[in-house]
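Trainee: Dumping the structure here so I can ask a few things about it.
Here, each number is a calculation from the coordinates, and none is a lab measurement. The shown structure was predicted, so the numbers you read here are calculated from the model rather than taken from an experiment. Ideal geometry is used to build each Cβ from the backbone, glycine not excepted, and the neighbour counts take in all protein chains shown.
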Amino acid sequence: MALEGTLQDFALVDILQLIGMQRKTGTLTLIQGEEVIDVLVQDGMVVWAAPADEIFETKLGRILVSRDLITRARWDEGRQIRARKGQRLIPFLLEGQWISPRDLERVVKRLVLETLYRALRWREGRYTFAAQGQVDLSRGQISPVGTENILLEAVRQMDEWPLVEKRIPSLDLVVRRSSRPVYHEQVPSERLAVLELVDGRRTVRDIAELCDFGEFDAYKGIADLLAAGVLKLDRQGEAAEAAVRPVRIPRRVPAWLFAVTVMAVTLASLYFQFSRGHDPLYLLPSHELAASPVIQARRLNVAARVLPRALDRYLLLRGGYPDDLAKLRAEGLFIGELRDPWGQPWNYERRESSYRLTSPGPDGRMGTADDQHISPSWRLD
């Protein structure tokens, strides 16, 4: 089995699902810019995922040292000896008892899974899957993890990541406590663990690496505490940079000039549009405009983003797509109207391993058996 393409055409979620369902063995290579991640799969189960050795070892060492599982001097000494012997890092650490096998296994498994979760958030890049009889596990391995479990966690993270990213603009900002009092009995245990790591010097990234329950959940905990006003991000560096910028004293402009300018530009734009037979603000009735495939496609594409996500969640939960869209509501996966932008019921057809979702359109005739001539943006297969 050979797979190759771009993540824009075939999402990583779909690739892992296909590999898991067919219980394939081989190496999945993911490339985004200069970053390369190798994912090793044995019988449809993920047993390893890591970037280049140097990047992986640097992050592993930083986490082990920050958690006091090994000293910095001891870590550097071990890497030098390992390089002279030409051994792989993880087998070397285990053989020489440089660190507790249990601690090393826990940290390595977390690094492997978080590498994969981060790759699942990629929106662009390339992939190649090479089927093999046996994968090379000399770099290391974790206990096999089913792709369905990885995808369930990935869907959760992808849904919540935009909000986390909005509240935390940079992982390198220092986290500080605010003056708001905290009643510990009202704070979940994971949030308390995050709170105890805030010392006014650690960054968001530092705190996440110290948490045992996972990097993403640490970011989410920080974001939730920021929203509650318990924590704040230190922007002193940005403020200091702004303070040294030269300040220009604006010339005094009459207040009425701005209002007159805006009105003149608006009227000129509307005149130009109407003179060309367009109605950009939809002020005039126009059957030609209402029937424009471009406008209809835009409306449909916006409305159709939610349903496929609910269908994918159902797939992950139940192992297949539903027989009808009503089951999405029964599972609590969709609470909106099961209708297209024109109020028509969606045309939904379950297939063996996929589905077909079409819109009847404003006149109720689109998406029928003769829809082979409709642009793919109107149809979700």
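Trainee: Grab every C-alpha pair in region 162-241, bin the distances at 5 angstrom width from 0 up to the longest one, and report whole percents.
Mentor: Bins of 5 Å from zero give 3, 16, 30, 27, 16, 6, 2, 0, 0 percent of pairs.
Trainee: Give the residue from 134, 146, 117 lying farthest towards the positive end of the charge dipole for region 107-149; charges sit on Cβ (+1 for Lys and Arg, -1 for Asp and Glu) and the dipole is referred to the Cα centre.
Mentor: Going by the Cα projections, it comes out as 117.
Trainee: Treating cross-link reach as a plain straight distance, find the lysines whose alpha-carbon is under 29 Å from the alpha-carbon of residue 59, omitting any fewer than eight places away in the same chain.
Mentor: Leaving aside lysines fewer than 8 places away in the same chain, those within reach of residue 59 are 85, 109, 166, 220, 232.
Trainee: Now, a different point. Please state the charge dipole magnitude for region 82-213, taken about the Cα centre, from unit charges on C-beta atoms (+1 on K and R, -1 on D and E), reported in debye and rounded to the nearest 20.
Mentor: Dipole of region 82-213, to the nearest 20 debye: 480 debye.
Trainee: Sticking with this one: Work out the length of the dipole vector of region 162-241 about its Cα centre, built from +1 on the beta-carbon of each Lys and Arg and -1 on the beta-carbon of each Asp and Glu, and round it to the nearest 20 debye.
Mentor: Details: 12 positive and 15 negative charges, 75 e Å.
Result for region 162-241 is approximately 360 debye, rounded to the nearest 20.
Trainee: Is region 1-126 best put as rounded, prolate or oblate by its Cα gyration tensor, with a ≥ b ≥ c the root eigenvalues, rounded for a/c under 1.5, and otherwise prolate when a/b is larger than b/c, oblate when not? Please report the intermediate quantities before stating the final value.
Mentor: Working: a/c = 2.36, a/b = 2.05, b/c = 1.15.
Prolate, because a/c is 1.5 or more and a/b exceeds b/c.
Trainee: Would you grab the residues whose amide H sits under 5 Å from the one on residue 202? Only those 5+ places off in sequence or on another chain, please, with H modelled 1.01 Å from N.
Mentor: The answer is 175.
Trainee: Moving on to the next point. Give the shape of region 67-124 as rounded, prolate or oblate, defined through the alpha-carbon gyration tensor: a ≥ b ≥ c are the square roots of its eigenvalues, a/c under 1.5 means rounded, and otherwise the shape is prolate if a/b is larger than b/c and oblate if not. Write down the numbers at each step before the final one.
Mentor: Working: a/c = 2.40, a/b = 1.84, b/c = 1.30.
Judged from the Cα gyration tensor, region 67-124 comes out prolate (a/c at least 1.5, a/b above b/c).
Trainee: Give me the percent relative contact order of region 162-241, please, defined on Cα pairs under 8 angstrom at least 6 residues apart.
Mentor: 43 percent
Trainee: Another question, then. Quickly rank 119-125, 67-73 as a protection proxy: mean count of other C-beta atoms within 10 Å, highest first. Mind dumping the intermediate values first?
Mentor: Values: 119-125: 15.4, 67-73: 13.0.
Answer by packing, highest mean first, reads 119-125, 67-73.
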